[in-house]
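The block underneath contains the structure these notes are about, expressed in structure tokens.
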Amino acid sequence: MLKAPSPPSVVVGTLLTGDKHGLHFGTRVPAQGAWCSLGACWSTLVTTRGYLYPVQGSYDYPVSNATTTHWHIAGPTLAGPGVSPRDHFIFADSRSATRALIWIGPNTFVATHDGGRHWYRVTGIAHRVAVVDTGAQVTGITIGLPGPHACDYYFTYSSVGGTVWRRGGALRSFMTTAMTPQTPSCLSGGERV
């Protein structure tokens, strides 16, 4: 009988505050490569001193002739100084103009539900596997915990406002979408918990 690990059932994010000497909400910035969904684009900007900011904007279409409209700072400093723009952990995802989630480390992310006016930092919940499209009002993430042998345990955390994240049950028969390694869920098949 396999015993699934038990990550925290509730994780509470910490409100980020602005930097008096940094870039301010609404400051125009050059266009950034972005994740765009439902007409909203979210990305990040790393300053020359290595401070990471969330940015929001849009592109005029057609894409082949993409020009920018208004791109702006959409929140306080998320990390820094010393952040590298080449850090492969930095990743923005969104399902709307008001809700976004930005990974700033292997097990640290920030989330907003009001277009960037408030951001909440969540740390130490486990490594990200996927951002789940659970609807316009709820954001979900699937996280993984290392398991025995060649399998991992997977859980989904969801949040309405980006502050309080609640864990659902362990996901059965979950396979990662990464090319390698293809790690099955420790709960797949006929195994019992």
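Please verify whether region 14-27 includes one or more residues that are within 25 Å of residue 167 (Cβ to Cβ), modelled with pLDDT of 90 or more, assigned to a loop (DSSP other than H, G, I, E, B) and touching a Pro at 6+ places or on another chain (Cβ under 7 Å). Yes, there is a match, as at least one residue in region 14-27 is within 25 Å of residue 167 (Cβ to Cβ), modelled with pLDDT of 90 or more, assigned to a loop (DSSP other than H, G, I, E, B) and touching a Pro at 6+ places or on another chain (Cβ under 7 Å).
The residues of region 28-47 that are at pLDDT below 90, open to solvent by 30 Å² or more (accessible area, probe 1.4 Å) and over 19 Å from residue 131 (Cβ atoms), listed by number, are 30, 31. Among the criteria (1) modelled with pLDDT of 80 or more; (2) under 20 Å from residue 94 (Cα atoms); (3) outside any strand (DSSP E or B); (4) among the hydroxyl-bearing types (Ser, Thr, Tyr), the one residue 173 does not fulfil is (2).
Among the residues of region 53-84, the ones that are at pLDDT 85 or above, buried (at least 16 other Cβ atoms within 10 Å of the Cβ) and part of a loop (DSSP other than H, G, I, E, B) come to 8 in all. Of the strands (runs of 3 or more DSSP E) lying entirely inside region 85-135, those carrying at least 3 residues that are hydrophobic (A, V, I, L, M, F, W, C) and modelled with pLDDT of 80 or more are 100-105, 108-112. Can residue 50 be described as open to solvent by less than 10 Å² (accessible area, probe 1.4 Å) and modelled with pLDDT of 80 or more? It is true that residue 50 is open to solvent by less than 10 Å² (accessible area, probe 1.4 Å) and modelled with pLDDT of 80 or more.
The values are calculated or read from the model by the stated rules, or taken from the named source; none is laboratory data. Keep in mind the model is a prediction, meaning the values are calculated, not measured. Cβ coordinates were reconstructed from backbone atoms using ideal geometry, including for glycine residues, and neighbour counts include every protein chain displayed. Each accessible area value is taken on the protein alone, full model and side chains, heavy atoms only, with ligands, DNA and RNA left out. Shrake-Rupley method; radii C 1.70, N 1.55, O 1.52, S 1.80 Å.
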